[in-house]
Amino acid sequence: MPELTRRSFLKASAVAGAALTLGKMAGAEAAPDPAGPGAAPSWTNRPMRWAQLTLVENDPGSFDAAFWLDYFRRTHADGACLSAGGCVAYYPTRVPYHHRSAWLGDRDVFGELVAGCRSQGMAVLARTDPHATYDDVKAAHPDWIAVGADGQPRRHWASPEMWVTCALGPYNFEFMTEVKREIMSRYRVDGIFINRWDGAGMCYCEHCRTNFRAAAGLDLPRTLEPGDPTRRAYLLWRQERLFALWRLWDGAVRAINPDSCVIPNTGGGAASSLDMRRIGELAPTLMADRQSRRGLMPVWANGKNAKEYRATMGAKPVVGIFSVGLDEVYRWKDAVQAPEETKLWVADGIANGMRPWFTKFGGVINDPRWLKPVEEIYAWCRGAERYLRNERPLARVALVYSQQTAWFCPAECAAAGEDAALGWYQALVEARLPFEMVHDRLLDAAHLAPFRTLILPDIAALSEVQCEQLRQFVGRGGGLVATSGTSLRDEWGGPRADFGLADLFGASWRGRIEGPMHNAYLRLEHESAPAHPMLRGLEDAPRIIHGVWRFEVAAHAPGPPPPLTLIPPYPDLPMEKVYARQPRTDVAQVFLREPPGGGRVVYFPWDVDRTYWDVLCVDHGKLLRNAVAWATNEDPPVVVSGPGVLDVTFWRQRDSLTVHLVNLTNPMMLKGPVRELIPAGEQRLRVRMPGGLRARALRLLVAGRSPQFSQAGEWVEVTVPPFAAHEAVAIDV
Ligand SMILES: [Zn+2]
């Protein structure tokens, strides 16, 4: 092909390729991954308690392998993740430039640990970490090193004698593939766990520049602005490269051991950079690397991690990696966390369906205080294993999360959506309602079948197809609760003139957002909407505070009098001027519809959920709870009465049902670490038995007791005595 023709051909195919990529990304209509997932290795559902030992380079000369194998035995760990290679090899590798530990000598530390774990019947994963390398590698293969925006190769930020590698070029695609082949050939491990495999920020190396230009016809972006078309093309291209890398590595290890796989350390919620829907298709199991909380983070964040992963993983095993140390930005990797904090964090993960995985850096123990608490957690898990092998959650309410909103909408819009989701999460925990999370690209009838109500917390970006799926959900009798700018943008974050879901809301946007509002209120219309379910718990309140951002909307048709109306903002200073100029309007601040088909729709044209996370006003919490109750229009599956803040989950196992109560009642609930577990008061638990099931036996798995219980019709009732971190009520059926 003449050069010119070849160039135009390349350019044409690059455009076609970019269009294809965009089409693939374009929401729910996208086809499954063309390469398809490999079959799940036979072992993936077996391990319930994982142990990770991440060796440091000088461990081979100083750590006590026998101690660790004994600790794995004492904790009844049935899966192990052990350092093998990448940045440091802990076995006598023959792959050129694969750096052996300088303390290795002629030992095979990895091989010794693998053999020990195997003799204890454990599944074994080899850990690799490719994100950093050395001078000799840079000298021989300068193109393997990541390049910064300034065009210079990147030194490692924490170990400046090392170099950051490019994740999207030959270092990973060629060198690390050879490393994986060698590990799998020599040890036939059950899988290879890949840490920090997806790069450390943008890379401007020659491979990234050439490959991006070939795929998208563009130069690499120099902006993080989500609306920038080049940035958007880069986000999609990077994902394609990483999924291609995943499939390459997975194919390479399965070619050697068909009953194995690679497990990239990846995934998460809305802000996660790889498409969780495709991850859910590819991964036979996944580890949620959320080791502990940091900064201002609620205890329930670990349960949220579990829900986000399970939204696309379904019933496939999801494992929760937890640290025994502190995980703050200062990264004290040798720290030991307060045992109360670790216990509560892990309990919330387990209650939400994650299998625990402790991770310890360094084989030499500088501080042994974590050993006993982890042993206690794992001993309990082993005893309760039958009730932790969940088949499905029995929640009827689900909170939608949207990666496309986080990726493509303007930053302030995505941030508002994330805060709205956190507000809902807190409100649902306080309402003691079991709930799940749903990925916005899995809104098809099969994925939504378990749910009666969907919550859309300011989910801005929704495609026409997704809007239609939501219409069909409501048409099948589903409840929908939406807030703020939900559906005001398309799947690429582009603005719409009106809500994509305007017909469901019964209201249209008038093109104006008011805010940030100071000193605005809501009038509770007890006279014209008497005893309205939206006002439950607010019977004595004539008015409550408004939110901060209000979407001006117009109703499509006159409806019944709204229970909430607007009292517009009025001056908050000087104090002499603080009086409502318009104490009463007819501007509805909630829209309630019952379209044909039995579904119910609640739309708040303001940020009740985001403001709840910001301000935590009790009245707003009641509005959120009432909205879900009205939209759901059926008894909740579990009713828990008693003092305290509890995260409540409800699961079906093969021969049982289990209700988890995680006690979040603690001054450190929203910012750790917890230093004392403060017992929750006695709880009265009512469980609605699904499908006419009869309770044969009931046991409190933490207290280790079988209290009196009763069943009347479909309701089982029992009193749960005070408990510290966690109680699990197991009902045999
Ligand atoms: Zn690169």
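The values are calculated or read from the model by the stated rules, or taken from the named source; none is laboratory data. Note that the structure is a prediction, hence the values are computed from the model and not measured. Reconstructed Cβ throughout: ideal geometry from the backbone, glycine too, with neighbour counts over all protein chains shown. Quick note on the areas: whole protein, heavy atoms, side chains included, nothing else; ligands and nucleic acids left out. Shrake-Rupley method; radii C 1.70, N 1.55, O 1.52, S 1.80 Å.
Things worth noting here:
- Residue match in the range 302-311 (condition: within 16 Å of the ligand (Cβ to nearest atom), touching a helix residue (DSSP H, G or I) at 6+ places or on another chain (Cβ under 8 Å) and open to solvent by less than 10 Å² (accessible area, probe 1.4 Å)): no
- Search result, residues across the range 572-616 that are open to solvent by 10 Å² or more (accessible area, probe 1.4 Å), aliphatic (A, V, I, L, M) and either on the phi > 0 side of the Ramachandran plot or in contact with a Leu (Cβ under 8 Å, 6 or more places away or on another chain) (or both): V587, A588, L616
- Among (1) open to solvent by less than 40 Å² (accessible area, probe 1.4 Å); (2) closer than 29 Å to R396 by Cα; (3) of a type outside the set (D, E, K, R), the one test that A554 misses: (2)
- Residue in the range 125-132 that is in contact with a helix residue (DSSP H, G or I) (Cβ under 6 Å, 6 or more places away or on another chain) and within 16 Å of the ligand (Cβ to nearest atom) present: yes
- When every residue of the range 198-206 is checked against the conditions, at least one turns out to be in contact (Cβ under 8 Å) with a residue 24 or more places away in the chain, part of a helix (DSSP H, G or I) and either within 15 Å of the ligand (Cβ to nearest atom) or closer than 19 Å to F243 by Cβ (or both).
- Residue in the range 216-231 that is within 22 Å of Q52 (Cβ to Cβ), among the aliphatic types (A, V, I, L, M) and either at pLDDT 95 or above or within 16 Å of the ligand (Cβ to nearest atom) (or both) present: no
- Checked against the criterion of being more than 16 Å from the ligand (Cβ to nearest atom), more than 25 Å from V319 (Cβ to Cβ), in a helix (DSSP H, G or I) and open to solvent by less than 60 Å² (accessible area, probe 1.4 Å), the candidates E182, E178 yield just one match: E182.
- Whichever residue in the range 629-687 is polar (S, T, N, Q) and within 27 Å of the chain's Cα centre (by Cα) and, among such residues, is farthest from W345 (Cα to Cα): T632
- So D609, is it acidic (D, E) and over 27 Å from M354 (Cβ atoms): no
- Single unsatisfied condition, Q426 versus (1) in a helix (DSSP H, G or I); (2) among the polar types (S, T, N, Q); (3) farther than 25 Å from S273 by Cβ; (4) more than 19 Å from the chain's Cα centre (by Cα): (4)
- Residue count, the range 356-372 (criterion: modelled with pLDDT of 95 or more, within 28 Å of the chain's Cα centre (by Cα) and open to solvent by 30 Å² or more (accessible area, probe 1.4 Å)): 0
- Residue match in the range 77-93 (condition: outside any strand (DSSP E or B), touching a residue at least 12 places away in the same chain (Cβ under 8 Å) and open to solvent by 50 Å² or more (accessible area, probe 1.4 Å)): no
- Picking from residues in the range 153-172 that are within 15 Å of the ligand (Cβ to nearest atom) and hydroxyl-bearing (S, T, Y), the one that is surrounded by the most Cβ atoms within 10 Å (Cβ to Cβ) is T165.
- Within the range 251-271, the set of residues being surrounded by fewer than 19 Cβ atoms within 10 Å (Cβ to Cβ) and modelled with pLDDT of 95 or more comprises G251, A252, R254, A255, I256, N257, P258, D259, N265.
- When each of A414, A420 is tested for being open to solvent by 10 Å² or more (accessible area, probe 1.4 Å), out of contact with any Cys (no Cβ under 6 Å at 6 or more places or on another chain) and in a helix (DSSP H, G or I), the lone residue that passes is A414.
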